[in-house]
Structures are given as structure tokens and as C-alpha cells.
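Engineer: One structure is given below, represented as C-alpha cells, and several questions about it will come after.
The values are calculated or read from the model by the stated rules, or taken from the named source; none is laboratory data. Remember, predicted model here, so these are calculated numbers, not experimental data. Remember, those area values only see protein heavy atoms, side chains included, never the ligands or the DNA or RNA. Shrake-Rupley method; radii C 1.70, N 1.55, O 1.52, S 1.80 Å.
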Amino acid sequence: MSEPAGRTQQERRTDAERRLVAAAAELVAEIGPSRVTLANVGERAGYSRGLATHHFGSKSALMQRLVNAVTHQFREAMIEQTVSDSPMDELQALIDIYFHVMADLQPVNRARLVLWADAVATPSDDIRPAMVSADREFREEIEKRIRLAVAAGVFPRAVDAQGLATVIIAMLRGVALQSLIDDHVDLDAARREIEHLLSGRLTKGSGS
């Protein structure tokens, strides 16, 4: 692969690693993490079979970098773009963004779902801890917002912030995993039902 003239060694290295991580995401999404190798990642990125080894040293290190990359992108989309003065609007925006991502699933987002499913099925030392950490961060962000809304009297006091945050993620991911293997899943209908369920639970006077 030819390199543009005038780039520094660090710029070339950064670009190569970005392309290798993107290639790893594509392969994880297509064939699953167990069949990904440093060699086929290098080839998919358009480099030599050995370049991924040169940059990452091991498949474990590459998978860790991939998990970090997909988690960072997911956080940017799900959390940092849903800031609002209204707690209900924040949850609504989170749900809308999640379903927007699902409707046009890119390799990096498909890879994240596949990695999560693999973490459930396989007690790996490199993927499972990273996915657990990312899940906890996502859940705690939602929980924090719900807790603040309950304390401010916006949501009913009977709402359990941690429990509801767990249920919200379960609903979203459950729909995502179903749609990953079944193109008959109606994403719009699922989104509407989740919104109705949350609206009913978070309307004051809904009781315990």
C-alpha cells in the first residue's frame, strides 16, 4: 500500500492502527472474534499479514484496543449527545439514538454487540472484563440521571434508579440482539413500546 508523501512516522503509525482496528471490527462483525487473527486483520486493512502483529503484538492486545474503540464511540453517541434539561427528554433521546444506530448498523456497532454476546458465552480474560466495565459505565450514567430526577421530584419516588437503568439497557440490547439475527424484527414498533413503558413508569402518580 502506498503512503501519501510528507507524513510523519507517527502519523503513519496512527493511521495504520486506525485502519487495523476498523478491519478488526469488520471481521468480528462478520465471522466472530474467535475466527479473527492478526493475519486476516492485516489483510483486510490492506496491509501485510504481519503488520497487525508488529503494531499490537498479540490478538489479545488488538481485541482490547477494539473494545476500547467501540466503547468510546458508543459512549459518545449514547451519552454525550443526550444532554438535556429534561430527564424524560434525555431518556427519549437515548432511546431514539439507540434505535437510529440499529436501523443503520455499521460494522463497529455490530462488532460491539457480537463482542458482548461473546463475553456472555466465553469467559475470556481480554474481552469479558472490558465489556463488563463498559456495561457498568453505561448503566451508571443512566442510573445517575434517573436518581437525580427522582430526587428533584420529576420521577416518582418509588422508582428504583439502578433497577430501571438495568431494565432499560436490557430492553434496548434485547431488541438489538434479536434484530441482529432476524430481519423481521420491527424496530419502530419496539421503540414505541419501550417509550410507552417508560412514560407510564416515570409519570408521577403511576405508583409503585
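Engineer: Which one, [x] 38, 17, 15; [y] 31, 26, 20; [z] 33, 22, 15, gives semi-axes √(5λ) of the Cα gyration tensor in Å as derived from the coordinates shown?
Structural biologist: Read-out from the structure maps to [x].
Engineer: Averaging over every viewing direction, what projected area does the convex hull of the Cα atoms of segment 23-121 cover, in nm²?
Structural biologist: The orientation-averaged projected area of the Cα hull of segment 23-121 comes to 7.0 nm².
Engineer: Tell me, what is the percent relative contact order of the chain, built from C-alpha pairs under 8 Å that lie six or more residues apart?
Structural biologist: 18 percent
Engineer: Heavy-atom accessible area per residue, the chain, 1.4 Å probe: how many Å²?
Structural biologist: Details: 11230 Å² over 208 residues.
Result: 54 Å² per residue.
Engineer: Work out which helices of the chain, taken as complete DSSP H runs, extend at least 30 Å along their axis over the Cα atoms and score a mean Kyte-Doolittle of 0.0 or more, then list them.
Structural biologist: Once both thresholds are applied, what remains is 161-181.
Engineer: Within the accessible area of the chain, what % is carbon and sulfur when the probe is 1.4 Å and the other protein chains stay in place?
Structural biologist: That fraction is 50 percent.
Engineer: Continuing with the same structure: Take every Cα pair under 8 Å in segment 77-165 that's 6+ residues apart, average their separations, divide by the length, and report that relative contact order as a whole percent.
Structural biologist: 22 percent
Engineer: In a GNM of the chain with a 10 Å cut-off on Cα contacts, which of P123, P87, P156 has the highest mean-square fluctuation?
Structural biologist: The residue that fluctuates most here is P123.
Engineer: For segment 111-208, what's the relative contact order in percent, using C-alpha pairs closer than 8 Å and at least 6 residues apart?
Structural biologist: This gives 26 percent for segment 111-208.
Engineer: For a quick check, take a GNM of the chain with Cα springs below 10 Å and name the residue from A117, A24, A130 with the largest mean-square fluctuation.
Structural biologist: A117
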